[in-house]
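Working notes, structure below.
Computed from the coordinates by the stated procedures, all read-outs in this text should not be read as laboratory data. Values in this document were obtained by computation on a predicted structure and should not be read as measured data. Using ideal geometry, Cβ is built from the backbone for each residue, glycine included, and neighbour counts are taken over all protein chains shown.
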Amino acid sequence: MTNDKAAPASGSIMVVGGGIAGLTTAIEAAEVGYEVFLVEKNPYLGGRVAQLNQYFPKLCPPTCGLEINFRRIKDNPRIKVFTLAEVEKVAGMPGNYTVSVKINPRYVNENCTCCGACAEVCQTEVSDEYNLGMCKTKGAYLPFEMAFPAKFVISPQIVGTDDAAKVKEACKYDAVDLEMQAKTVDLPVGAIVWATGWEPYDAHRIDNLGFGQYDNIVTNMMLERLAAKSGPTQGKILRPSDDKPPASVAFVQCAGSRDENHLPYCSYICCMASLKHATYIREQYPDTKVYIFYIDIRSPGDRYEKFYNKIKEDANVILIKGKVAEVSEDPTTKNITVVAENAVSGEKIHQTVEMAVLATGMQPTAANTKLPADLKFNDDGFIINDFEKGGMFGAGCATKPADVISSNQNATGMALKAIQTLVKR
């Protein structure tokens, strides 16, 4: 039966965001026959998962999941990938949108073979955003070893300098194009999936926890990069102040989460992330003491509960039910003292450790970067899907805090919702 009010349906779907949810949405839609435009603001796909050392449930490196997805994208002609790209405007209605996408210059074209000659001659160093600014990278760089697209990037910071000229001269494949300009393309699509993901809550905003004030306080995502072999310390977890292995580490749970002054909600993954981080530390340093200060341990599901129970058996992992009220630093040793009240015994605890990790919460990217579309959001910036209206849908962590499995499951569902928009009724 036909519906006379239905708009003419375009056969294309746009996915905004190339993290794990965006990749899943794009692949699921393309592999059943739909054209997909995948738009990602970074110069690479993979999102937050690409920054992890290991991820649940198998605690495998991200290469094990991303490599398969990258291969599926590369082998599927229906998927058109735009990196360094952002949506500027959405016009139209479900089944018939026109999306304006701004593509920023990479200064490297399709001739790139990843030979690395450009990085070898480049003298300028810029902040390494992939490693959360904990180290520098060359102004001509490959974002990470298995980056997709497999092409180098020239930082805009060196364009117009003598260094840029040396980089261009060093490339024997004529892959460096310093004349590249930003351009905007208009793409007709029938449905849009916003898989814009999440970002760590800014720990600088949590005044009582000392981030940015004391050297040996890091965030959970920073620890993830420290533990990764591609990270700033080649996988060794070291104190930032003196590059020494820490003999004791405190984890501060709900750093900014479940707090009406910051993020009022539970970020779902922080407890499991810290338990995972405890395994990183204990594997590297069998004698290191790990203290985890928590409000509640949330380990949803049988598999996560078993993981939690296994961690509890480790005599060197001490779980303390109590919210951390403040931290301080010994200026001589740079050690950190964490102050909390034990919610079970009522005693006030002053625990001194050599390093502290703030388990900062997940904040939707849309909370800090307004999306140029007619979408509904809750007070915290998460997308609220309007399935009755259809046409545009949020997926993965753009809609709620979630782990990789939940994000993938949700993304598969949103791919189906997008396809339903294209099917004339």
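Anisotropy class assigned to the stretch 15-63 is oblate, per the alpha carbon gyration tensor with a/c at or over the 1.5 cut-off and a/b no larger than b/c. With Cα atoms defining each centre, the stretch 167-229 and the stretch 32-103 are spaced 15 Å apart in the structure. Projected onto its three principal axes, the C-alpha set of the stretch 223-336 covers 36, 32, 28 Å, listed from the longest axis down. Entry note, the chain: relative contact order of 19 percent, from Cα contacts under 8 Å with a spacing of 6+ residues.
Amide H to amide H, with H built 1.01 Å from N, Ile79 comes under 5 Å of Val36, counting only residues 5 or more places away or on other chains. Beta bridges from DSSP with both residues in the stretch 202-360: antiparallel share about 35 percent, rounded to the nearest 5. Would you mind counting up the charge near Thr137? Only other residues with Cβ under 9 Å from its Cβ, with Lys and Arg at +1 and Asp and Glu at -1. My count for the surroundings of Thr137 gives -1.
Modelled label positions at Lys58 and Asn109, each set 7 Å beyond Cα in the direction of Cβ, lie 4.0 nm from each other. The ranking of Arg48, Arg71 from fewest to most other beta carbons within 10 Å of each one's beta carbon is Arg71, Arg48.
Need the full-extension length gain, Asp202 to Val159, defined as separation in residues times 0.36 nm minus the C-alpha distance. One decimal, nm.
Extra length available between Asp202 and Val159 comes to 12.5 nm.
The Cβ shell under 11 Å around Ala228 holds other residues with a net charge of +1, Lys and Arg each +1, Asp and Glu each -1. As a calculated quantity, the FRET efficiency between Lys310 and Asp259 at R0 = 25 Å, using C-beta atoms, amounts to about 0.30.
If neighbour count is taken as other Cβ atoms inside 10 Å, put Val16, Val81 in order from fewest to most.
Starting with the residue having the fewest Cβ neighbours, the order is Val81, Val16.
In this Cβ point-charge picture (+1 for Lys and Arg, -1 for Asp and Glu), the stretch 209-296 has a dipole of about 280 debye about its Cα centre. Per-residue ellipticity at 222 nm computed for the chain from its helices equals -6500 deg cm²/dmol, with DSSP H segments shorter than 4 residues left out and the rest contributing -39,500 (n - 2.57). DSSP beta bridges confined to the chain are antiparallel in about 50 percent of cases. In the stretch 1-135, Cα pairs under 8 Å separated by at least six residues give a relative contact order of 22 percent.
Over the stretch 117-170, the Kirkwood radius and the radius of gyration, each from Cα atoms, give a ratio Rg/Rh of 0.96. May I ask for the distance between the Cα centers of the stretch 377-403 and the stretch 267-283, given as a whole number of Å? Their Cα centres are 27 Å away from one another. Sparsely packed loop sites in the stretch 112-160 (the GluC sites (Glu not before Pro) outside DSSP H, G, I, E and B with at most 14 other Cβ atoms within 10 Å) comprise Glu145. Summary value for the stretch 202-360: 30 percent relative contact order, contacts being C-alpha pairs under 8 angstrom separated by 6+ residues.
Amide hydrogen proximity for Asp259: with H placed 1.01 Å from N in the peptide plane, the residues at 5 or more positions away or on another chain lying under 5 Å are Tyr265.
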